């Protein structure tokens, strides 16, 4: 969970600035930390340390993307004009499930920029590329995740313009 905490520490966590959420997914997905629940970096990092764990089981990315769309980035929770960015950390990712494509497409239609972090030496690059619109990095193992924080931060800050208010 150091990766999540180090990534969040790169931003000004504040209810009026950057708001963060954490979804855990394996066989099922849940928003462990909901968007804007913590209004400062210290309380967010403490919550990550106490509440977020690596789950065993399958990697049901479709379920994770559904929670991202319907719970984390629900229209009632998102501020108008806010940039919506998601970092997807996975160690197993295959697109043999059309639901993954469906949810990823709906997220892109809502202007959500997704960045993939594949923790494996041989991820399904085609799938990860499709889900994240070719925005991903390969990390050999979980121990090396912190070496890639700056790449994910750069994506969140620079690569994607904020959507226009409607």
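Below is a table of values for the structure above.
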quantity: Single residue of 24, 59 found to be assigned to a strand (DSSP E or B), surrounded by fewer than 19 Cβ atoms within 10 Å (Cβ to Cβ), modelled with pLDDT under 90 and in contact with a strand residue (DSSP E or B) (Cβ under 6 Å, 6 or more places away or on another chain); calculated: 24
quantity: Test result for residue 121, surrounded by fewer than 13 Cβ atoms within 10 Å (Cβ to Cβ), at pLDDT below 85, in contact with a strand residue (DSSP E or B) (Cβ under 9 Å, 6 or more places away or on another chain) and assigned to a loop (DSSP other than H, G, I, E, B); calculated: yes
quantity: Subset of the range 99-118 that is touching a helix residue (DSSP H, G or I) at 6+ places or on another chain (Cβ under 6 Å) and within 20 Å of residue 11 (Cα to Cα) - its residue that is surrounded by the fewest Cβ atoms within 10 Å (Cβ to Cβ); calculated: 115
quantity: Given (1) in contact with a strand residue (DSSP E or B) (Cβ under 9 Å, 6 or more places away or on another chain); (2) in a helix (DSSP H, G or I), number of the condition residue 31 does not satisfy; calculated: (2)
quantity: Out of 9, 31, 47, sole residue that is at pLDDT 90 or above, farther than 27 Å from residue 101 by Cβ, surrounded by 13 or more Cβ atoms within 10 Å (Cβ to Cβ) and touching a helix residue (DSSP H, G or I) at 6+ places or on another chain (Cβ under 8 Å); calculated: 9
quantity: Verdict on residue 102 being closer than 28 Å to residue 37 by Cβ, more than 15 Å from the chain's Cα centre (by Cα) and not in a loop (DSSP other than H, G, I, E, B); calculated: yes
quantity: Any hit, the range 76-84, residues being touching a helix residue (DSSP H, G or I) at 6+ places or on another chain (Cβ under 6 Å) and surrounded by 16 or more Cβ atoms within 10 Å (Cβ to Cβ); calculated: no
quantity: Total residues in the range 62-91, condition closer than 23 Å to residue 27 by Cα, in a loop (DSSP other than H, G, I, E, B) and in contact with a strand residue (DSSP E or B) (Cβ under 9 Å, 6 or more places away or on another chain); calculated: 2
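The values are calculated or read from the model by the stated rules, or taken from the named source; none is laboratory data. From a predicted model like this one, the values you see are computed outputs, not experimental measurements. FYI the Cβ positions are ideal-geometry reconstructions off the backbone, even for glycines, and counts take in every protein chain you see.
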